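Comments concern the structure below.
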Amino acid sequence: MSDNRSGGSAPTVLRMVLGKRLRHLREQAGVSFEDAARAIEVTPLTVRRIEKAEVGLRIPYVRELLHTYGVPESEVEDFLSMAREANQPGWWYSYRDVLPDWFSAYVSLESEASVIRLYEPHYVPGLLQTHEYAAALMHIGFPNETKEDIDRRVALRLKRQDLLTKSEAPAVWAVLDETVLRRPVGGAEVMRAQIDRLNEVLDMPKVRIQILRFSVGAHPGAFGPFHHFRFGFSELPDVVYTESLVGSVYVDQPADVVTYLEVMDRMSVQAEPVARTRAILAELRKEL
């Protein structure tokens, strides 16, 4: 589990993957941290940080480490090509003026996930928000910011939604508390448009939305929102994300992730089936 509040820019998912591959190669070759550090004339701590994706992949270092680990030359260039790609800033880098470091890691995970499962008890998830709904939330969350900064934050949120229409879009499965659709954000017109947007995304083959009705009563996820990511890389474990007003926590220990998944599965059973979602949305829209 990591608490990510501040510090250097977050690594891309590919950098995390390559860091884990370097660790695997080192261990497979029987090379210690100290010996690896001597090979590239750094401290053992630097090698640890490379493997944990806490620093960029300096190409000369990576090349020498691969040679030290006995990687065939034919494979070295492929690895270095991926390392160069991993060092490139993600698309979200251009929004760094309004993107805190602790959330840039989230955007990287979201961009590369093959499955995203979301539980939201308060608001429509960012991936499914309309422009007006997102703007209303930003004005509430950042009351002292300029219009330009608010617009930038909204633009970033809407840009994230591009992944829903990618050729390899992730499967997105959201469980929304009924509160999400009854809490007015931006007024009745904004809420009607937001419900219409949810109906639209339900037409996407890889998007599922379930609604957890009030009638369920107390349920195991009532403590707060959380998001679960699964990836197509064997080196990268499932990750669960939660956040607070000042930072975020990324959970990747298998036992902890399983705890969240068990809660998500229980809520998915308690929630109305996906086949009922459109009818519930229509019912709630009429009340607006």
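When the Cα convex hull of segment 155-288 is projected onto planes of every orientation, the mean area is 9.7 nm². The residue among 217, 187, 244 whose Cα reaches farthest toward the positive pole of the charge dipole of the chain, with charges on the beta-carbon of Lys, Arg, Asp and Glu, is 187. One decimal place: the segment residue 155-residue 76 gains 24.5 nm when fully extended, by the rule 0.36 nm per residue minus the C-alpha distance. When only Cα pairs below 8 angstrom with a gap of at least 6 residues are kept, the chain shows a relative contact order of 22 percent.
To check you understand DSSP bridge types, tell me what percent of the beta bridges within segment 138-262 (both residues inside) are antiparallel, rounded to 5. Roughly 55 percent of the beta bridges in segment 138-262 run antiparallel, per DSSP.
Relative to the longest principal axis of the Cα atoms of the chain, helix 147-160 runs at roughly 80 degrees. What's the angle, to the nearest 10 degrees (0 to 90), between helix 59-68's Cα axis and the longest principal axis of the chain? Taking the Cα atoms of the chain, the angle to 59-68 is about 60 degrees. Accessible surface computed residue by residue for segment 161-288, with neighbouring protein chains in place and a 1.4 Å probe, gives 50 Å² per residue. Pairs of Lys residues in the chain are counted when their Cα atoms are under 21 angstrom apart and they lie 8 or more places apart or on different chains; the count is 4. Taken about its Cα centre, segment 107-250 carries a charge dipole of roughly 240 debye when the Cβ of each Lys and Arg holds +1 and the Cβ of each Asp and Glu holds -1.
Heavy atoms of the protein chains alone define the surface here; on that basis segment 15-125 has 49 Å² accessible area per residue at 1.4 Å probe size. Between the entries (1) 33, 23, 18; (2) 40, 20, 16; (3) 25, 24, 19, the label attached to semi-axes √(5λ) of the Cα gyration tensor in Å calculated for this structure is (2).
Here the simple spin-label model places points 7 Å from the Cα toward Cβ, and for residue 32 and residue 93 these points are separated by 3.7 nm. Given +1 at the Cβ of Lys and Arg, -1 at the Cβ of Asp and Glu and no other charges, the dipole of the chain around its Cα centre is 480 debye to the nearest 20. So what's the angle, to the nearest 10 degrees on a 0 to 90 scale, between helix 131-141 and the longest Cα principal axis of the chain? So the inclination is approximately 80 degrees. Return the single residue from 105, 255, 86 with maximal mean-square fluctuation; model: Gaussian network over the chain, springs between Cα atoms under 10 Å. With Cα springs under 10 Å in the chain, the top fluctuation among 105, 255, 86 is at 255. Largest GNM mean-square fluctuation across 272, 77, 85, computed for the chain with C-alpha springs under 10 Å, falls on 77.
Surface composition of segment 23-150: carbon plus sulfur atoms contribute 51% of the solvent-accessible area (1.4 Å probe, protein chains only, all chains present).
The values are calculated or read from the model by the stated rules, or taken from the named source; none is laboratory data. Note that the coordinates shown come from a computational prediction; the quantities given were computed from them, not determined experimentally. Here Cβ is always computed from backbone atoms with ideal geometry, including for glycine, and neighbour counts include all displayed protein chains. Please note that ligands, DNA and RNA were not included when accessible areas were found on the heavy atoms of the full protein model with its side chains. Shrake-Rupley method; radii C 1.70, N 1.55, O 1.52, S 1.80 Å.
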